[in-house]
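S.K.: To start, I am sharing the structure in question, which I have written as structure tokens.
The values are calculated or read from the model by the stated rules, or taken from the named source; none is laboratory data. If you're wondering where the values come from, they're calculated on a predicted model, not measured in any experiment. Cβ placement follows ideal geometry from the backbone for every residue including glycine, while neighbour counts extend to all protein chains displayed. We work out accessible area using only protein heavy atoms, side chains counted, and drop any ligands, DNA or RNA first. Shrake-Rupley method; radii C 1.70, N 1.55, O 1.52, S 1.80 Å.
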Amino acid sequence: MKKNLVLAPGPTQVPPEVLAASAKPTIHHRTPQFEAIFADTAERLQRVFQTQSPVITFASSGTGSMESSVVNLLSPGDTAITIEGGKFGERWGQLCEAYGVKRVPITLEYGDVVDPAQVEEALKANPGTKAVYATLCETSTGVLSPIPALGKIVSKTDAVLVVDAISGLAADELRADEWGVDVVIGGSQKALMLPPGLAFCSISEKAQALMASSKCPKYYFSWEKALKALADKSTAFTPAVNLTYALQASLDMILAEGMESVWARHARLASALQAAIKAIGLAMFSKAPSNTVTAVKVPDGVDGGKIPKIMRDTHGVTIAGGQGSMKGKIFRFAALGWCNEFDVTTALSALELTLTELGFQVAPGKAVGAAIAAFEG
Ligand SMILES: *Cc1c(COP(=O)(O)O)cnc(C)c1O
């Protein structure tokens with residue numbers, strides 16, 4: 001009998017109550033009934049983002065919201081600093097280039113974390129920089145960026161700090177207002193425990209002021225249209241009505257647990273994964289491990305590309321391999337969203353079997369035992 005377990009960084013497992021909520025009949029969106037539902041999600045998302053600023057919602061994948069934070073803040077020829085230490089940081093650079101923005105990349109070795117001093121220097125060397133684009137958890141490497149330190153540096157300048165938190169939101173701690181983050185980007189299919197299809201964006205007053213002078217072309221992703229509609233408890237275009245029902249259900253679960261507890265649960269699961277990895281003699285890839293994604297180096301002599309394949313096809317556990325130049329060199333666990341201790345121990349059992357099958361002997365229960373010990377400790 002086959003059962004499937006997902007510990008990949010999105011789409012993640014969706015709780016049955018969230019799926020059930022999405023199956024309610026679709027109602028018309030220009031009605032007081034839908035407006036009440038939409039306004040409720042917008043208000044409660046502010047608690048997840050830890051902000052008083054408005055949070056807008058797009059029917060798109062997360063990248064749509066990333067693109068919106070380039071086209072609504074900048075004009076062609078503007079300068080932006082992009083922190084590029086993996087596939088998603090590089091996406092910031094590509095988005096800037098697509099719109100004729102002059103990007104100043106801070107390029108990192110994969111697995112390395114940005115030193116806040118690098119950002120300080122780049123801001124000094126490039127006066128007039130309009131925005132700094134960072135990533136909370138660089139999903140491709142498992143690296144957690146030092147957002148509080150970046151917030152302190154950027155908030156002293158005229159630039160805004162934009163953070164791609166698509167994977168990290170509601171997994172790794174993030175306090176938008178307290179930490180001085182002007183724009184936080186989120187997506188539905190990661191720790192928010194929803195199917196793919198919604199993207200979010202919180203927009204500070206400083207970012208709204210910059211928005212007023214932006215000249216990049218935009219239409220669907222216009223923040224001005226979205227903010228005006230939000231004031232009327234609506235979206236500018238047809239919202240994803242059924243995903244909005246699902247969002248209400250996931251917000252019920254997340255806020256009942258509480259943000260501090262949600263972060264603590266992800267920290268507990270990530271620590272257990274790290275302890276298990278160490279116990280079987282493997283090494284972490286990230287020099288600053290997040291709680292969102294645990295990236296592990298493939299041991300010498302093992303065909304790394306086969307690890308996620310055997311895990312999935314033989315054992316029914318979906319994890320992620322490496323992307324781009326990291327293909328075959330790392331594999332990634334994400335105990336993200338609707339995940340608990342036993343999801344982690346199940347996945348680790350499958351890892352033990354998989355590694356042994358690939359010629360890297362692991363004593364049965366060694367990784368699992370280390371994880372259980374970490375939970376007890
Ligand atoms: C998943 C992810 C994205 C991409 O989101 P899409 O929904 O695929 O557009 C962007 N950034 C990070 C950090 C991610 O983890």
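S.K.: How far, in degrees from 0 to 90, does helix 341-357 lean away from the longest principal axis of the Cα atoms of the chain, to the nearest 10?
M.R.: Once rounded, one gets 60 degrees.
S.K.: Counting only residues 5 or more places away or on other chains, whose amide H sits under 5 Å from the amide H of residue 285 once H atoms are built in the peptide plane?
M.R.: HN-HN under 5 Å from residue 285: 295, 296, 297.
S.K.: Which one of 75, 280, 263 is farthest out on the positive end of the charge dipole of the chain, using unit charges on Cβ (Lys, Arg +1; Asp, Glu -1) and the Cα centre as origin?
M.R.: Ranked along the dipole, the leading option is 75.
S.K.: Could you work out the relative contact order of the chain, using alpha carbon pairs under 8 angstrom and six or more residues apart, expressed as a whole percent?
M.R.: Result for the chain is 23 percent.
S.K.: Using the Cα centre as the reference, give the magnitude of the dipole from point charges on the C-beta atoms of region 198-329 (Lys, Arg: +1; Asp, Glu: -1; all else neutral), rounded to the nearest 20 debye.
M.R.: Result for region 198-329 is approximately 440 debye, rounded to the nearest 20.
S.K.: In whole angstrom, how far apart do the alpha carbon centroids of region 312-370 and region 6-31 sit?
M.R.: 27 Å
S.K.: Related question: Which of the lysines could be linked to residue 327 by a straight reach, that is with a Cα gap under 24 Å, when you skip same-chain ones fewer than 8 residues away?
M.R.: Answer for residue 327, where 24 Å is the Cα cut-off: 87, 190, 278, 287, 297, 306, 309, listed by chain and number.
S.K.: May I ask for the distance between the Cα centers of region 238-263 and region 182-229, given as a whole number of Å?
M.R.: 18 Å
S.K.: Quick one: dipole size for the chain, taken about the Cα centre, charges +1 on Lys/Arg Cβ and -1 on Asp/Glu Cβ, in debye to the nearest 20.
M.R.: Dipole about the Cα centre, nearest 20: 600 debye.
S.K.: A further question on this structure: Over region 15-163, with every protein chain in place, what whole percent of the accessible area is carbon and sulfur at 1.4 Å, could you tell me?
M.R.: C and S fraction of accessible area: 54 percent.
S.K.: Given a 1.4 angstrom probe, I'd like the percentage of the accessible area of region 269-364 that is carbon and sulfur, rounded to a whole number.
M.R.: 54 percent
S.K.: Give me the 1.4 Å probe accessible area per residue for region 308-377, excluding ligands and nucleic acids, in Å².
M.R.: 45 Å²
S.K.: With +1 on each Lys and Arg Cβ and -1 on each Asp and Glu Cβ, how big is the dipole of region 115-202 about its Cα centre, in debye rounded to the nearest 20?
M.R.: Once rounded to the nearest 20, the dipole reads 140 debye.
S.K.: Further, regarding this structure: Based on DSSP, what percent of beta bridges with both residues in the chain are antiparallel, to the nearest 5?
M.R.: Of the beta bridges lying entirely in the chain, close to 50 percent run antiparallel.
S.K.: May I ask which residue of 148, 222, 137 lies farthest towards the positive end of the charge dipole of the chain, with charges of +1 (Lys, Arg) and -1 (Asp, Glu) on Cβ and the Cα centre as origin?
M.R.: Of the options given, the answer is 222.
S.K.: Quick one: 3J(HN,Hα) in Hz for region 86-98, Karplus 6.51/-1.76/1.60 with θ = phi - 60°, rounded, Gly and Pro as x.
M.R.: Working through the residues one at a time gives x, 4, 7, x, 5, 4, 4, x, 5, 5, 4, 4, 4 Hz.
S.K.: Taking 7 Å along the Cα-to-C-beta vector as the label spot, tell me the residue 283-residue 341 distance in nanometres, rounded to one decimal.
M.R.: 3.2 nm
S.K.: Accessible area per residue for region 16-257 in Å², computed with a 1.4 Å probe and the full protein assembly in place, what is it?
M.R.: 38 Å²
S.K.: Give me the Kirkwood hydrodynamic radius of region 210-301 in Å, from all C-alpha pairs, to one decimal place?
M.R.: Computed over region 210-301, the radius equals 17.7 Å.
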